[in-house]
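Worksheet for the structure shown next.
The values are calculated or read from the model by the stated rules, or taken from the named source; none is laboratory data. Values in this document were obtained by computation on a predicted structure and should not be read as measured data. Here the Cβ positions follow ideal geometry from the backbone for every residue, glycine too, while neighbour counts run over all protein chains shown. Accessible surface areas use protein heavy atoms only, side chains included; no ligands, DNA or RNA. Shrake-Rupley method; radii C 1.70, N 1.55, O 1.52, S 1.80 Å.
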Amino acid sequence: MNELPLNPEKHLAALDKSFLVFLNVASEYPRELVREKPSEKAFSATEILYHMLDVERLWQRRIHGMIEGTMTHFQQMDPDKEALEGRYNNRPYDEGIPELQRARKETHEFIRSMKPHEFEITGVHSKYGEMNIYRILEIMEGHDRNHTAQLERTLAQVTNTHNSQTL
């Protein structure tokens, strides 16, 4: 079976699209609600934003480690633990958006600087199994979409709670 060669630009374009949708939703989020949590365990918009930033940096470290040969096995992150320890909900929301944009730009620049054979280097993730750089980019795109939907659900939930409290 002949497969078409994988195209990094196609993956990066899809990643750009999913990221822009996330940024639009995050940018339009009402600032008075960014720290509101729909429930004790659920993330606020601020926590979602900083989770996205930490995951972006984590994938950067993993990709660099794969290329350098220093990191071939990845453990799944515990987002609740990271949010608590990193005090995500106390961080400034409006500073997080440009910081996330810078981090994504760094990811793109690094991916575009890679040699063709480096895209096939593999690592093993505790949840996703064996993966190469193309698979990582697909996971990142899905992550963007998942958290865009989470932001939208969070806004709907906290808006309903906020409106019922003000009646």
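Quick one: would you say Asp94 is in contact with a Phe, Trp or Tyr (Cβ under 9 Å, 6 or more places away or on another chain) and modelled with pLDDT of 95 or more? No: the conditions fail for Asp94.
Name the residue that is most open to solvent (accessible area, probe 1.4 Å), counting only residues in segment 4-39 that are under 21 Å from Glu138 (Cβ atoms) and not in a helix (DSSP H, G or I). The qualifying residue most open to solvent (accessible area, probe 1.4 Å) is Leu4.
Scan segment 138-150 and give yes if some residue there is open to solvent by less than 50 Å² (accessible area, probe 1.4 Å), within 21 Å of Asp78 (Cβ to Cβ), of a type in the set (D, E, K, R) and part of a helix (DSSP H, G or I), otherwise no. Yes, some residue in segment 138-150 is open to solvent by less than 50 Å² (accessible area, probe 1.4 Å), within 21 Å of Asp78 (Cβ to Cβ), of a type in the set (D, E, K, R) and part of a helix (DSSP H, G or I). Scanning segment 99-132 for residues that are open to solvent by 50 Å² or more (accessible area, probe 1.4 Å), within 25 Å of Val21 (Cβ to Cβ) and without any contact (Cβ under 8 Å) to a residue 40 or more places away in the chain turns up Arg102, Lys105, Glu109, Tyr128. Among the residues making up segment 12-38, those that are touching a residue at least 60 places away in the same chain (Cβ under 8 Å) and more than 21 Å from Arg104 (Cβ to Cβ) are Pro30, Arg31, Leu33, Glu36, Lys37, Pro38.
So that you can scan it fast, the table gives a plain yes or no per residue for (1) among the β-branched types (Val, Ile, Thr); (2) within 16 Å of Ala13 (Cα to Cα):
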site: Asp94; (1), (2): no, no
site: Pro98; (1), (2): no, no
site: His125; (1), (2): no, no
site: Gly129; (1), (2): no, no
site: Arg135; (1), (2): no, yes
site: Asp144; (1), (2): no, yes
site: Thr154; (1), (2): yes, no
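Among the residues of segment 43-84 satisfying the criterion of being among the β-branched types (Val, Ile, Thr) and in a helix (DSSP H, G or I), which is surrounded by the most Cβ atoms within 10 Å (Cβ to Cβ)?
Just the residues of segment 43-84 that are among the β-branched types (Val, Ile, Thr), to begin with: 46, 48, 55, 63, 67, 70, 72.
Cutting the leftovers down to in a helix (DSSP H, G or I) gives us 46, 48, 55, 63, 67.
Numbers: Thr46: 24, Ile48: 26, Val55: 20, Ile63: 22, Ile67: 16.
Ranking the candidates gives Ile48 first.
Pairs are defined by a Cβ separation below 6 Å, a sequence spacing of at least 6 or placement on different chains, a first member in segment 135-157 that is over 25 Å from Pro30 (Cα atoms), and a second member that is open to solvent by 20 Å² or more (accessible area, probe 1.4 Å); the pairs so defined are Leu137/His11.
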